Each structure stands twice: as C-alpha cells, then as structure tokens.
Amino acid sequence: MLASTSNGIFVGSILAFIICMIAAVALTGELFPSVVAAVCLSVAFNLWAWRRAEMHPIPKESAEAARAVGWFMAGVYALFAFFG
C-alpha cells in the first residue's frame, strides 16, 4: 500500500507543478515567478498528501515489484520527455 501511495503522491506532485506552471505563465507571462509558485504548490501538495496517507505495511515482494514498476514508469516518462 505504501509503495502505491508514494507513486500516487509523486505523480500528483508533478501534475500540481505542471498545472501551476501552465496557469502561472498564462496569467503572468513571466517564467521565474511561475517556477517559484509551482514549486511552492507542489511542495505543499506533497506535504499534505503524506500527512493524509495511511501507512500500512506490505510484503517485501510487493514492495520490490512496486519499486520495479516505478522505475520502469520513470524510464517511460523520461523517454517521452526526450522524444515527445
């Protein structure tokens, strides 16, 4: 449960950052204040989500499988970022 929760929080933080960046750049037209606002919102979401998450232990095999899937998905994201 913890591994899937951490992946969800990670993806949610990235989405919060991207959405805030798009909105801030569209509203202000400046990059630096938009980055600062997006980082602040992303960190705030991350802290809120981790405080809200319920921690349940999972078997070691499940944690290893979730970690492998997480790294695979990170590789897919990086691949899309480079070639997308």
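The values are calculated or read from the model by the stated rules, or taken from the named source; none is laboratory data. Here the structure is a predicted model, which is why all the values come from computation and not from measurement. Note that we place each Cβ from the backbone using ideal geometry, even for glycine, and neighbour counts take in every protein chain shown.
Scanning region 25-72 for residues that are surrounded by 13 or more Cβ atoms within 10 Å (Cβ to Cβ) and among the small types (Gly, Ala, Ser) yields 34, 37, 38, 42, 49, 53, 62, 63, 65, 66, 70. Among the residues of region 55-76, those identified as assigned to a helix (DSSP H, G or I), closer than 19 Å to residue 11 by Cβ and not small (Gly, Ala, Ser) are 67, 69, 71, 72, 73, 76. When region 39-64 is filtered for residues that are touching a residue at least 24 places away in the same chain (Cβ under 8 Å) and more than 30 Å from residue 23 (Cβ to Cβ), the ones remaining, listed by number, are 54, 55, 56, 57, 58, 62, 63. Residues in region 73-82 that are over 15 Å from the mean Cα position of the chain (by Cα) and either surrounded by 10 or more Cβ atoms within 10 Å (Cβ to Cβ) or modelled with pLDDT under 85 (or both): 79 only.
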